[in-house]
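Here is the structure we will look at.
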Amino acid sequence: MLFKQLQYFMSVAECRHFTKASERLFVSQSALSQQITKLENDLGITLINRDSHPIELTPAGRVFAKQASIILADLKTLEEQMEQWRDTDSSSLRIGIIAGLSNLPLTEILSDFNTHHRSVKLSLVNHLSKKLCYLLDEELLDVAIFAMPANIQSYDFDVIPLQKEPFFAIFPEKHPLAKNELFDIASAKNENFIFPSPENVSHDSILSDCKKHGFQPKIISYCNRPRHRINLVQAGFGISLISASGLMNHPTKEGIIVRPLTEPFHKTIVIARKKIRHAHGTVQAFWQYIETYAKKKPNLII
């Protein structure tokens, strides 16, 4: 029985759905199913009734889930208690960030913190927001800065909002909708859209707003990098929506028209850490620094 198998089983037990659990864990559904099947084979017991929809735990599975949650909680507590013995002056800080944070003075933030904690090694990794949530939840990161997903409440995170970024519509230069000073998204129900991929939080935000206005967008291309979406719009493939930071990272906008929305919507940039009962060490020092920094910089939140 492996620690990973306990985590996989508990995710399925909580989601009651293999696909949702695999998305939450950022693993393939087949890999998830194989690990749980192996767990059941090793135990010689069926834990999940796969014939019901949504799936249900068997009586043995319910007992297993209860004990597995205790084991995982005990392991978490043990790790938290050991945290206090870490040396705050000679440790590392694992920070996950999303790309394109030009509106956020990240270099200033990290440099200022490092001035007061020179022996702390800052380790930065770059991923999309949903992947950062997974890595933070798995405690493979200490803190993460990302665009807040709609299901943020499903994670056991402390969160500090940093920025709200509005979305803008971008059109090919001679597109009929570009004649209007504001973009009414409801007018685009028959348009071809260039979307971020489903792994991107912006995908969910844009899709939700389209559905709010009564239509399912016709997506002809997925593309995460703002520069590539801009290039596709310039080439006349379709229209797209892009955040303020995405536009700022690519100031040359020849061949496209940018318009604000009649009913603006935003993505919220946050910094998060996993909630702990006893916060110690470098993570706590950095968290307190961010809280103080945000209070000193009221224009940090836009």
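What is the one condition in (1) at pLDDT 90 or above; (2) part of a helix (DSSP H, G or I) that I219 does not satisfy?
(2)
How about the stretch 1-40: which of its residues are polar (S, T, N, Q) and either part of a loop (DSSP other than H, G, I, E, B) or under 18 Å from the mean Cα position of the chain (by Cα) (or both)?
First pass over the stretch 1-40, keeping only residues polar (S, T, N, Q): 5, 7, 11, 19, 22, 28-30, 33-35, 37.
Passing the criteria: S11, T19, S22, S28.
Keeping to the stretch 41-60, report how many residues are part of a loop (DSSP other than H, G, I, E, B) and not charged (D, E, K, R). Write out each step before concluding.
Pass one, the stretch 41-60, residues part of a loop (DSSP other than H, G, I, E, B): 44-47, 50-55, 58.
Keeping just the survivors that are not charged (D, E, K, R) gives 44-47, 52-55, 58.
Selection size over the stretch 41-60: 9.
Please go through (1) modelled with pLDDT of 85 or more; (2) aromatic (F, W, Y); (3) over 16 Å from L72 (Cα atoms) for F26 and return the number of the only condition it doesn't satisfy.
Unmet condition: (1).
Answer yes or no as to whether Q7 is among the polar types (S, T, N, Q) and in contact (Cβ under 8 Å) with a residue 40 or more places away in the chain. Please lay out each step first, then the result.
Values: among the polar types (S, T, N, Q): yes; in contact (Cβ under 8 Å) with a residue 40 or more places away in the chain: yes.
Spelling it out, Q7 is indeed among the polar types (S, T, N, Q) and in contact (Cβ under 8 Å) with a residue 40 or more places away in the chain.
How many of the residues making up the stretch 220-247 are crowded, with 18+ Cβ neighbours inside 10 Å and closer than 21 Å to K267 by Cα?
Count: 13.
Among all residue pairs at least 6 apart or on different chains, which show Cβ distances below 9 Å where the first residue, located in the stretch 200-225, is touching a residue at least 40 places away in the same chain (Cβ under 8 Å) and the second is β-branched (V, I, T) and surrounded by fewer than 18 Cβ atoms within 10 Å (Cβ to Cβ)?
Matching pairs, first to second residue: none at all.
Only one of (1) in a loop (DSSP other than H, G, I, E, B); (2) loosely packed, with under 14 Cβ neighbours inside 10 Å; (3) not small (G, A, S) fails for E199. Which number is that?
Here E199 meets the rest and fails (2).
I need a count of the residues in the stretch 130-149 that are over 15 Å from R273 (Cβ atoms) and either surrounded by 20 or more Cβ atoms within 10 Å (Cβ to Cβ) or touching a Ser or Thr at 6+ places or on another chain (Cβ under 7 Å) (or both).
3
For S69, are the conditions met, namely being within 21 Å of Y134 (Cβ to Cβ), touching a residue at least 40 places away in the same chain (Cβ under 8 Å) and hydroxyl-bearing (S, T, Y)?
Yes: the conditions hold for S69.
From the set of residues in the stretch 248-302 that are under 18 Å from L136 (Cβ atoms) and small (G, A, S), which is modelled with the lowest pLDDT?
A279
Can you tell me which of L43, L75 is over 20 Å from H17 (Cβ atoms), touching a residue at least 60 places away in the same chain (Cβ under 8 Å) and aliphatic (A, V, I, L, M)?
L75
The values are calculated or read from the model by the stated rules, or taken from the named source; none is laboratory data. Computed from a predicted structure; not experimentally measured. In this analysis, Cβ positions are derived from the backbone assuming ideal geometry, glycine residues included, and neighbour counts consider all displayed protein chains.
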